[in-house]
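One structure is given here, and the rest of the page talks about it.
The values are calculated or read from the model by the stated rules, or taken from the named source; none is laboratory data. This is a predicted model, so every value here is computed, not measured. Please note: Cβ atoms are built from the backbone with ideal geometry, for glycine as well, and neighbour counts cover all protein chains shown. Just the protein is used for accessible areas: all its heavy atoms, side chains included, with ligands, DNA and RNA removed. Shrake-Rupley method; radii C 1.70, N 1.55, O 1.52, S 1.80 Å.
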Amino acid sequence: MTTQHQKDYSSIEEEDDKEGATTNILESKPLEENNAVSARPHIPSVSASAVLGESASMPEDTPVCRGVDFSATSMESSTEQGDILSQIMQSLRYTGFQATNLGLAVEQIQQMRTWRLSQEPWQEGDDTELRPLEIRERLRARIFLSYTSNQISSGQREVLRFLVQNKMVDCIVTTAGGIEEDLIKCFQPTYMGDFKLNGRELRKKGINRIGNLLVPNKNYCEFEDWVNPLIETMHQEQDQKWAEWAAELIKNKSNNDDDTTPEKFVWTPSKFIRRLGLEINNEESVLYWAAKNGIPVFCPALTDGSVGDMLYFHSYKRPGFILDIAEDIRRINDLAVRSHATGMIVLGGGLVKHHTCNANLMRNGANFSVFINTGQEFDGSDSGASPDEAISWGKIRITAKPVKVCCDATIAFPLIVSQTFAKDVEQWKEEVKGTACYIDDLDCLAKTA
């Protein structure tokens, strides 16, 4: 992981002499007689060299490790729980280990939220339309939020819904479970259980376990009863629009207008998901707010779950329903390319992590990145890959300072949100009024104003 606090130590990591050899100030050999350590005759000289050797000086601006002091006066005077939480979170930055990475993640997200193109100098060769300062001050970073299905299965759903409801992210990537679990919870709740419950006994009772959460089979049955007629309706709309397209195409041919080909309507996973969000019409739903606020939700593996089961069954009843993933890959990649800066917040790994990173590869990498997962890189998996590996692929820019927090996201992310998105919500809304992620979108804002 490349972070600022690591770079502070570059001056003490190694010192090369003019011949290119590395200087070792703790060489395993007796010291000179005039060395201060050698003045202790009761200690073998070679041992004194190894144990008591002098150390290099730390740079003056090196941060000092210090954690939260619950006995401090400021902590005792904090009567509000929010004040205590803020003080704890501020202390994490210099606590060490993953606490420090959590603090760095807060800083990284604040940077992606407050970035404006005006922070970058205009240079010769840049688009002249981007030269006016008033234009640059209105162009912000596009934020990609990605999460695996377990984040929706858990209480993290409410945190994610808050972000989407307040239009604090610009693009979402999730899995099939991240779609259907959000909708299922609109019909029936998910219950608390235990990691150690017996799987055989649960199976006999028709109860599914997700970690220490429990989902009765009837929850999925209610969802499927709701989504099946909707798939039939969308199939009917598809066929009707295709008939209209064919009629217009024949009309153009008869008028010798071969150069004009009408656009053919096709459902895509993101269009399908938006329709689900509109139809569910439930303010507790992440998808509802995404549809209402015009935030696209991408799910390239939409068929890998209950929705896929329903599409499979529907194909026997009425073949021919199409979901075009090619149009969606064009759409998400264009969102990344048509951005003056991008930020990635990825909860979990696998498909959602790679799909988001790969879209940002199309623009030579994201400017800001926060990964929160428990994956390790020893097996070469993309889930466990460090941000530095993503830099090697061009998915994160070489000038970026990405952060990975090795932690259960249900612990880390609510804490991060409490110090970023959830602070000064109304003030932030005022600050982003009239802003856009790409200069062409400013024109759209002007037309709708």
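Summary of computed values
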| quantity | calculated |
| --- | --- |
| The range 139-185, accessible area per residue, ligands and nucleic acids excluded (1.4 Å, Å²) | 19 Å² |
| Leu278/Arg209 FRET efficiency (R0 35 Å; Cβ-Cβ; nearest 0.05) | 0.65 |
| Carbon/sulfur fraction of accessible area - the chain, other protein chains in place, 1.4 Å, % | 50 percent |
| Protection proxy ranking of 214-226, 96-108, 163-175 - average other beta-carbon atoms within 10 Å, highest first | 163-175, 96-108, 214-226 |
| Listed peptides 278-286, 420-428 by packing density, highest first (mean Cβ within 10 Å) | 278-286, 420-428 |
| Gain upon complete extension [Ser118, Asn252; 0.36 nm per residue less C-alpha separation] | 43.4 nm |
| Gain in span if fully extended, Asp309 to Gln87, counting 0.36 nm per residue against the direct Cα distance | 75.1 nm |
| Residue-averaged 222 nm ellipticity for the chain, from DSSP H runs of 4+ at -39500 (n - 2.57), nearest 500 | -14000 deg cm²/dmol |
| Nearest-0.05 FRET efficiency for Ile43 and Leu230, computed from C-beta distance (R0 56 Å) | 0.10 |
| Extension gain (nm, one decimal) between Asp379 and Thr95, 0.36 nm per residue minus Cα-Cα | 99.3 nm |
| Axial C-alpha extent at least 20 Å, average Kyte-Doolittle at least -0.5 - helices from the chain (DSSP) | 97-114 |
| Projected-area mean, the chain, by convex hull of Cα positions, square nanometres | 34.7 nm² |
